[in-house]
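Each remark here refers to the structure printed beneath this line.
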Number of protein chains: 2
Amino acid sequence: MARDVATLVAGAHEGRTRDIARLISMIEDGAPEVPAIMRDLAATSGHAQVIGITGSPGVGKSTTTAALISGLRARGERVGVLAVDPSSPFSGGALLGDRIRMQEHATDAGVFIRSMASRGHLGGLSATTPQALRVLDAAAFDTVLIETVGVGQSEVEVAAAADTTLVLLAPGMGDSIQAAKAGILEIGDVFVVNKADREGADSTVRELRNMIALGDHPDRGWQPRVVKTVASTGEGVDALISTIDEHRAWLAESGEGEQRRLRRARDEVEALAVAILHRRWEAGTDGGVLEKAAREVAAGRLDPHAAAEALVDGS
Amino acid sequence: MARDVATLVAGAHEGRTRDIARLISMIEDGAPEVPAIMRDLAATSGHAQVIGITGSPGVGKSTTTAALISGLRARGERVGVLAVDPSSPFSGGALLGDRIRMQEHATDAGVFIRSMASRGHLGGLSATTPQALRVLDAAAFDTVLIETVGVGQSEVEVAAAADTTLVLLAPGMGDSIQAAKAGILEIGDVFVVNKADREGADSTVRELRNMIALGDHPDRGWQPRVVKTVASTGEGVDALISTIDEHRAWLAESGEGEQRRLRRARDEVEALAVAILHRRWEAGTDGGVLEKAAREVAAGRLDPHAAAEALVDGS
């Protein structure tokens, strides 16, 4: 342990990549210094615009992320990226072509890219992503992109953590219909039909617009937009950034941005509380109180609800 | 409230569909009777074989589920189904063809089919699925099929709840490669290449077998199997059931079945404990203690870790 928390936090404030990376690693590992890190970061949060990027594998999330980085850099923003997508080249699962596209950003001091583990934590992303966001916020990134994958809990969690959520689709994958079923319509602020030079792009756009129009969007004040891009060539990316800006302006005017930040804080505090309890319940010899309770339940000597109440009241 | 818990539980023991359905609804709704239900069910658990069925949209999960029901019914088993897949016809998002295939089972007294909400609960599936499983267990179903979708937390949770996890793929969807990336290889006990009459089935099988052989499967005692099916015609379904039986025998001999049940009890107790705390933290005026803490954190007056600790120690 060469450097203490205060030094690392000061380094992050100055935008030093190594210190930022080190702090996020400590958070991911659940290091004993995490409470001190959070304390030192508390007063500096709330400035970065957080953009969630989600969609099925193959729709071009990483290429779109790379294109957004370029577009945001071009207007002078500093950009942080958290990749919680296991198929993302940012987090290691790259095809060669994707890796090459990333290279230009890897050496840019105004860009910080970090992959996050998407599994293994109680509560999934929710326990560590918001804390990693705080670090990037303290490091004064203007925009943070969170890239994640798929249909499921992690995606909903990312939407909860983001100011603006982009849902990516590609033509002809049958995605739009599946998306509706899976409830993706409810989480998207902007729908991006990527690979729009492919056949079927217009009908995917039409289908999405119909679903948005028909969908159950009780007066939420923001009608989700549909944008076409070809992220690999950069086509449509400027329009996408303008749409994100529009949404950002709406968040500020409507007060919804404030609401989202409050909800985010609530989720973060709750996820941390659950993580603290998880450690307590597993601490001690013989697997801890949780393991003992589980053995009684598995043997049919105790019902799970009574076991849970005992755990809560003993904790 | 026409009937009390003891009467409903007695009805479930006798396999009365309406009572089973009513108990599961009460669990899903978090009814005040849940602790009493769990108490009454405690001693009767642990007999049903639980089979998780997962895979991307379009691979034929529902058709496979229907084919498995038929196969298991043919040998006299009573079969329960929990559909937590938002795109499943069991849970409502059916195409007409799928619905027709379901009809034969809808009127069979030896089959109970139930859709479960996959969202909105803290902890996702984990809070209610194991409790619903207890109800089906008490109702003496021999096998319970849990159908879920996608890549993400909910899938991992289903694998944690199941004795045997089937991962479904279809040829030519690029699924096998994505599966490996997304960590699906780690959760599958049996890989089912469905729609095996389509081009590319054999290469998907080969690819899977290679990945399993190369994969990091540290002496876990069970080498995942790969089975080809055409669920829509029933082809390969008997072989799939035999493979499931093999896995079941291995679970019993190796002691792994006991380990999985213990782990399941642990997850269940913890999820219930978290749900109890969640309700306490949200109770009271003005959003409860959690909301108050979140407001302090959002304003930068309190760091999230300190807020979480206060929540835990005050609960």
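None of the figures in this text is laboratory data; all of them are computed from the coordinates on show. Because the structure is predicted, anything quoted here is derived from the model rather than measured.
So here's what we get for this one:
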{"item": "Average projection area in nm² (convex hull over Cα atoms of the range A:269-314, one quarter of hull surface)", "result": "3.3 nm²"}
{"item": "Amide H partners (placed H, <5 Å) of B:L145, local residues excluded", "result": "B:I51, B:G80, B:V81, B:L82"}
{"item": "For the range B:206-315, alpha-carbon Rg relative to the globular expectation (2.2 N^0.38 Å, N residues)", "result": "1.83"}
{"item": "Kirkwood Rh in Å, taken over all unlike Cα pairs in the range A:229-289", "result": "15.3 Å"}
